[in-house]
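The values are calculated or read from the model by the stated rules, or taken from the named source; none is laboratory data. It should be emphasised that the depicted structure is a prediction, and the values quoted were computed from it without experimental measurement. Methodologically, a virtual Cβ is constructed for each residue, glycine included, from the backbone with ideal geometry; neighbour enumeration extends over all protein chains shown.
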Amino acid sequence: MRAYVPDYELQTPASLDQAVELLARAPGRWKPFAGGTDLMVLLEGGKLPHNSYINIWDLKELRGIEVSEANVSIGALTTYTDVQANEVLREEFPMLCQAARETGGLAIQNRGTLGGNIVNASPAADSPPALLAYDAELELVSTGGSRWLPYQGFHTGYKSMLIRPDELLTRIRLPRQLKERQHYYRKVGTRKAQAISKVCFAASARMNDDQIADIRIALGSVAPIPIRCINTEATLRNQRLSRRLIEEGKQQLAKEIAPIDDIRSTRDYRLQVSLNLLGDFLLQLERQGV
């Protein structure tokens, strides 16, 4: 079954101001349409849920990567290909670049956007765990102005977010990594490429000799939302690396995630893989002796 295209309405505003004005006039009616890598699949399958869309693909205000001394600001329409091509992102945010490389094939990477990956709100998306581990912030814009909020906490439930119907996600801001950190990103799927993840794991840490001075851990596909594992981080932070600490970290992680059985995998497999990945990351820190 395919969707009947004349059933849908698509408007193309000339500017960001026009786009948010359209959203404000009829909150909830209009949905943004960017790269369309997810929406076109639903359209082809006759399952596209809304009928009215705003084409934001050509809005120049939502493009570009800007680098300052403190932050990297990424336009919501930045594609996965754009992410991989940026030198600062490759050097300072390698997990985000790896997530971009492992998202779909080249056609998807050329069209899919970082902002779309966020607001599509799939718990199995590839970039959100990296963004959570990098303490990303989001800018939301409406006719009333703009507001920034931490990405941590933005997803409140399955497909539920802290974005109003009259707002657009416009930029993602990453604080630059001013001190040396170790980065660890793993996507576990049925295939090496073009597969939805069974588990997606992103973590970074800064060491002081054999003590974990700071740590960030985030996972996808193990809860209704991409999850930042705050309690596991607290268990490990300011502690000296040891086999006992690794086991304590695994025990806390098992309490913090909530994997399920579905068509792609099982709860037990996801749980065990998550614990294994945490253990591997911590052993990597120990071996490198940073």
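Among the residues making up segment 8-55, a single one is of a type in the set (Phe, Trp, Tyr), buried (at least 16 other Cβ atoms within 10 Å of the Cβ) and touching a His at 6+ places or on another chain (Cβ under 9 Å): TRP30. Taken as a whole, the condition of being surrounded by fewer than 18 Cβ atoms within 10 Å (Cβ to Cβ) and among the aliphatic types (A, V, I, L, M) does not apply to LEU169.
Listed here are the residues, each with its yes/no results for (1) farther than 27 Å from GLN109 by Cβ; (2) modelled with pLDDT under 95; (3) of a type in the set (A, V, I, L, M).
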position	(1), (2), (3)
GLY145	yes, no, no
LYS187	no, no, no
ILE212	yes, no, yes
ARG237	yes, no, no
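Of GLU91, GLU139, all but one fail to be among the acidic types (Asp, Glu), outside any loop (DSSP other than H, G, I, E, B) and over 20 Å from PRO226 (Cβ atoms); the exception is GLU91. The residue of segment 115-140 that is surrounded by the fewest Cβ atoms within 10 Å (Cβ to Cβ), among those that are touching a helix residue (DSSP H, G or I) at 6+ places or on another chain (Cβ under 6 Å) and of a type in the set (A, V, I, L, M, F, W, C), is ALA125. So is PRO6 without any contact (Cβ under 8 Å) to a residue 12 or more places away in the chain and farther than 30 Å from GLY189 by Cβ or not? The answer is yes for PRO6. Residue check: LEU241 meets all listed conditions (1) within 17 Å of ALA202 (Cβ to Cβ); (2) in contact with an Asp or Glu (Cβ under 6 Å, 6 or more places away or on another chain); (3) hydrophobic (A, V, I, L, M, F, W, C) but one, namely (1).
Restricting segment 56-67 to residues that are in a loop (DSSP other than H, G, I, E, B) and under 22 Å from the mean Cα position of the chain (by Cα), which is surrounded by the fewest Cβ atoms within 10 Å (Cβ to Cβ)?
Looking at the filtered set, the residue picked out is GLY64.
Residues in segment 18-38 that are among the basic types (Lys, Arg) and under 25 Å from the mean Cα position of the chain (by Cα): LYS31 alone. Taken together, the residues in segment 183-212 that are exposed (fewer than 15 other Cβ atoms within 10 Å of the Cβ) and either closer than 16 Å to ALA136 by Cα or in contact (Cβ under 8 Å) with a residue 24 or more places away in the chain (or both) amount to 5.
When LYS159 is tested against (1) loosely packed, with under 15 Cβ neighbours inside 10 Å; (2) under 20 Å from LEU16 (Cβ atoms), just one condition goes unmet, and that condition is (2). Residues in segment 33-56 that are closer than 16 Å to VAL20 by Cβ and either at pLDDT 95 or above or of a type in the set (S, T, N, Q) (or both): SER52, ILE54, ASN55, ILE56. Taking the criterion of being in a helix (DSSP H, G or I) and closer than 20 Å to SER122 by Cα, the residues of segment 13-55 that qualify are LEU39, MET40, VAL41, LEU42, LEU43, GLU44. Considering segment 263-284, and only residues there that are within 15 Å of THR190 (Cα to Cα) and touching a Ser or Thr at 6+ places or on another chain (Cβ under 9 Å), the residue that is surrounded by the most Cβ atoms within 10 Å (Cβ to Cβ) turns out to be ARG270.
The set of residues from segment 252-262 being surrounded by 13 or more Cβ atoms within 10 Å (Cβ to Cβ), out of contact with any Cys (no Cβ under 9 Å at 6 or more places or on another chain) and assigned to a helix (DSSP H, G or I) comprises just one member, ALA254.
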